[in-house]
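Nothing in this text is a laboratory measurement; each read-out follows from the coordinates by a stated rule. Predicted model, so just to flag it, every value in this text is computed and none were measured. Using ideal geometry, Cβ is built from the backbone for each residue, glycine included, and neighbour counts are taken over all protein chains shown.
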Amino acid sequence: MTHSRLPVVAALATLAVLATSTMAFAANAIVVQDSYVYKSRSTSSAKVNFVEEDDEVTVTKCQGSYCFLKISGPDGWIRKNRLAPLDEEGDPRPDVPFSFGITIGPGGPSVSIGIGDAPVAPSGPSGGPRACFFQHINYGGSSFCVAAGDSISNLSSIGWNDTISSARLYGGAAVQVCRHAGFGSPCTTWNSNKSSIGSYNDQISAVDVY
């Protein structure tokens with residue numbers, strides 16, 4: 001009986017360490033756009049709170065394109081691209097993607113807290129007709145490119161669902177973007193650069209470049 005309880009005790013101890021690490025290694029961030037806070041990691045879930053641009057918030061974890069906030073009132077989830085890190089002097093860095101992570105490896109829980117990386121060069125094709133999509137308006141933040149003749153029917157497959165805020169077109173390329181995976185309507189076509197994509201901001205789930 002005593003020996004059979006050891007794995008359970010060890011598992012509970014690991015969870016306790018992880019919980020402690022999560023709370024101890026929270027990260028501060030700044031809100032870059034007025035946003036609802038959701039009960040779960042989906043904009044279709046219940047809205048439990050609201051944060052305003054320039055609010056400073058505490059992030060305890062991020063999963064996919066959402067982060068969990070500890071704030072005044074009900075806590076909840078917000079899209080990661082609505083957050084920006086703070087530099088060493090406490091000033092906001094909206095040009096830098098926010099990052100925060102906790103992983104469990106062979107040696108137990110480890111915590112990685114970052115304030116993101118500098119905006120990266122677009123991934124994907126770097127020459128020829130193509131469309132490049134950016135995390136923030138005015139071509140800021142992380143990005144990726146798709147060559148003319150290629151398409152992505154579900155941006156969740158590369159972690160970019162409902163994340164695009166601007167786009168650049170090169171070499172005479174055009175692009176059709178759709179709000180739903182599988183090119184479900186509504187869709188629209190762009191033939192020129194879009195520093196801001198209006199009602200399609202953070203609403204694109206499929207792209208077809210031609």
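Indicate the gyration tensor shape class of segment 130-209 (rounded, prolate or oblate), computed on the Cα atoms with a ≥ b ≥ c the square roots of the eigenvalues: a/c under 1.5 is rounded; otherwise a/b larger than b/c is prolate and the rest oblate. Verdict is rounded for segment 130-209. Converting phi to 3J(HN,Hα) with the Karplus coefficients 6.51, -1.76 and 1.60 and the offset θ = phi - 60°, segment 30-39 yields 10, 7, 9, 7, 3, 8, 6, 10, 10, 5 Hz in sequence order, with x at every glycine or proline.
Suppose R0 equals 45 Å; then what is the FRET efficiency for D55 and Y210 from their Cβ-Cβ distance, rounded to the nearest 0.05?
0.65
Near the amide H of L83, within less than 5 Å, lie the amide hydrogens of V32, all on another chain or at least 5 residues away, with H placed in the peptide plane.
At 0.36 nm per residue, minus the direct Cα-Cα distance, what do N191 and N154 gain on full extension? Give it in nm, one decimal, please.
On the way: separation 37, 0.36 × 37 = 13.32 nm, distance 2.13 nm.
So the extension gain works out to 11.2 nm.
Backbone amide hydrogens, once placed in the peptide plane, bring A173 within less than 5 Å of R130, excluding anything fewer than 5 places away on its chain. Each residue of segment 133-147 is assigned a 3J(HN,Hα), and the resulting list reads 10, 10, 5, 10, 5, 6, 6, x, x, 5, 7, 8, 10, 10, 6 Hz, derived from the Karplus form 6.51 cos²θ - 1.76 cosθ + 1.60 (θ = phi - 60°), x at Gly and Pro.
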